[in-house]
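S.K.: Please read through the structure below; I'll follow up with questions.
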Amino acid sequence: MAATVKDGDIHVTFEDQQKINRFARTNARLVDVKEELSAKEKELENLTYAEEEIMLLDADSDTIGEVLVEMTIEEAQAALEKAKETCLEEIAALKENAESHKQILGELKTQLYAKFGSNINLDLDDES
């Protein structure tokens, strides 16, 4: 992320600098949220894979691979389903948080580009 003002006749006020700083902080938070979201999506993928593996087990089996499981298959399925629900809720909250950050960034970009035009660069490293 770059938030630079080129030298020129543009006067940068304290309020402008605050907006630039807020833009940088919000962008850093957005990057963190995206990383956490990616990790949660991977966790959900792993939970789904584990759930599929349990479905393939023999009803009398008490081992998964080389791991002894001290719960029934039904209990394991219920635990996985609860973990998936929690993970999906966390993913939804992270997506909402990311959208909030994107909205703030959009508003700040509009305000800063309106004042500084091509004299400021607010390009994000990842525009997704």
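The values are calculated or read from the model by the stated rules, or taken from the named source; none is laboratory data. Source: prediction; values computed, not measured. FYI the Cβ positions are ideal-geometry reconstructions off the backbone, even for glycines, and counts take in every protein chain you see.
S.K.: Tally the residues that are in contact with a Ser or Thr (Cβ under 9 Å, 6 or more places away or on another chain), farther than 26 Å from Asp16 by Cβ and hydrophobic (A, V, I, L, M, F, W, C), restricting the search to the stretch 79-128.
M.R.: 1
S.K.: Something else now. Considering only residues of the stretch 69-117 that are touching a residue at least 60 places away in the same chain (Cβ under 8 Å) and among the polar types (S, T, N, Q), which is nearest to Ala24 (Cα to Cα)?
M.R.: To start, the set of residues in the stretch 69-117 that are touching a residue at least 60 places away in the same chain (Cβ under 8 Å) comprises 94, 97-98, 101-102, 104-105, 108-109, 111-112, 115-116.
Remaining after also requiring among the polar types (S, T, N, Q): 97, 111.
Numbers: Asn97: 16, Gln111: 14 Å.
The extreme case among them is Gln111.
S.K.: Which members of the stretch 16-55 meet the condition of being closer than 29 Å to Glu74 by Cα, in contact (Cβ under 8 Å) with a residue 24 or more places away in the chain and touching a strand residue (DSSP E or B) at 6+ places or on another chain (Cβ under 9 Å)?
M.R.: Within the stretch 16-55, Ala50, Ile54 qualify.
S.K.: Let me ask another. Considering only the stretch 47-55, I want to know if a residue exists there that is farther than 30 Å from Ile10 by Cα, modelled with pLDDT of 90 or more, surrounded by 12 or more Cβ atoms within 10 Å (Cβ to Cβ) and under 22 Å from the mean Cα position of the chain (by Cα). Don't jump to the end; show me each part of the working.
M.R.: Applying the first criterion (farther than 30 Å from Ile10 by Cα) to the stretch 47-55 yields 47-55.
Subset that is modelled with pLDDT of 90 or more: 47-49.
Remaining after also requiring surrounded by 12 or more Cβ atoms within 10 Å (Cβ to Cβ): 47-48.
Right, trim to under 22 Å from the mean Cα position of the chain (by Cα) and you get 47-48.
Yes; the residues of the stretch 47-55 include at least one that is farther than 30 Å from Ile10 by Cα, modelled with pLDDT of 90 or more, surrounded by 12 or more Cβ atoms within 10 Å (Cβ to Cβ) and under 22 Å from the mean Cα position of the chain (by Cα).
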